[in-house]
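Below is one structure; the comments refer to it alone.
The values are calculated or read from the model by the stated rules, or taken from the named source; none is laboratory data. What you are looking at is a predicted structure, and each value in this text was computed from that prediction instead of being measured. Cβ: placed from backbone, ideal geometry, glycine included. Neighbour counts: every protein chain shown.
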Amino acid sequence: MNTEVKSAARMLDLLEYLAGCPEPVRLKEIVAALGFPKSSAHALAQTLVSRGYAIQDAAERYVLVHASRHRSATRANEARLLSAAHPIMEQLRDRSGETAILVVRTTRGETKRLAKCVSRQAIRFDIELDGQSESYCTATGRLLLAHWDSAQANAYLARVPLIARTPRTVVEPDAIREIFRSIRETGVSICDEEHVIGSTGLAAPIRGRDGTVVAALNLGVVTTRYRERSVDLIEMLRDAAGQISKRLGFDG
């Protein structure tokens, strides 16, 4: 890649990153999120400011002038994803007896829950849609990080405190990267009591028309039930994620 093309790619990466940030961000956050050299990130950000695409506030934080337009486009994309996913999620919930959740990744590597179909069983997994869960120790977060640009995934692992939520939580960065490799090879992410004792999370990728992973389909399962029927649950999940991908135009 020549220098001009590389610079253009970095500028687009910066635009997309800033467009997904709901609040102004400092230069060090841009560097950590995108993995750019500080000097390059500063030059690109200042170019956006000088050309009127971004504003630098009194605290030397950057924000896009037209971020609201991007958020509207993001909402439209999420609406299409929800339309494709929801009927399949209901079928998955009814077939498996477990809770199905639709999750996307933010530009900073966190997870955002879009929808859920909660199990009808008396003892079940449930979660608030507007809550926050750490990506490094959840099935959906790991799957979405595993299919993200490796530099950005590494920047996320370097930026976020890797704290053990349970005695089973993997927190060593190299071990987490090895889990990412396994997810890409097997096509499924499994977190067995690493986030909450008594709960096992499973996730499979949802792909867009071009094959890019655009979301994760999650099953939240009571651990005792998961261990009784893990093979069946994983197969149901993979099948459902594949159906949603086809509804989005993926033909792989």
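Of the residues making up the stretch 135-164, those that are within 12 Å of Gly201 (Cβ to Cβ) and not small (Gly, Ala, Ser) number 5.
Of all helices (runs of 4 or more DSSP H) completely enclosed by the stretch 51-169, which ones contain at least 1 residues that are within 21 Å of Leu12 (Cα to Cα), in the same structural domain as Leu202 (by TED's automatic domain parsing) and at pLDDT 95 or above? Full working, then the answer.
Working: elements: 67-96, 139-146, 150-159.
The qualifying helices (runs of 4 or more DSSP H) are 139-146, 150-159.
Could you list, in sequence order, the residues of the stretch 160-174 that are aliphatic (A, V, I, L, M) and over 18 Å from Asp149 (Cα atoms)? Listed by number, the residues that qualify are Leu162, Ile163, Ala164, Val170, Val171.
Being touching a residue at least 24 places away in the same chain (Cβ under 8 Å), more than 22 Å from the chain's Cα centre (by Cα) and surrounded by fewer than 17 Cβ atoms within 10 Å (Cβ to Cβ), is that true of even one residue in the stretch 191-201? The answer is yes, given that some residue of the stretch 191-201 is touching a residue at least 24 places away in the same chain (Cβ under 8 Å), more than 22 Å from the chain's Cα centre (by Cα) and surrounded by fewer than 17 Cβ atoms within 10 Å (Cβ to Cβ). Summed over the stretch 184-223, the residues that are out of contact with any Lys or Arg (no Cβ under 6 Å at 6 or more places or on another chain) and closer than 25 Å to Ile163 by Cα give a count of 22. For the stretch 191-209, check the following and say yes or no: at least one residue is over 24 Å from Ile234 (Cβ atoms) and either not acidic (Asp, Glu) or not in a strand (DSSP E or B) (or both). Looking for residues that are over 24 Å from Ile234 (Cβ atoms) and either not acidic (Asp, Glu) or not in a strand (DSSP E or B) (or both), one finds at least one in the stretch 191-209, hence yes. Exactly one residue out of Ala146, Ala100, Ala139, Ala155 is of a type in the set (A, V, I, L, M, F, W, C), over 24 Å from Val222 (Cβ atoms) and in contact (Cβ under 8 Å) with a residue 60 or more places away in the chain: that is Ala155.
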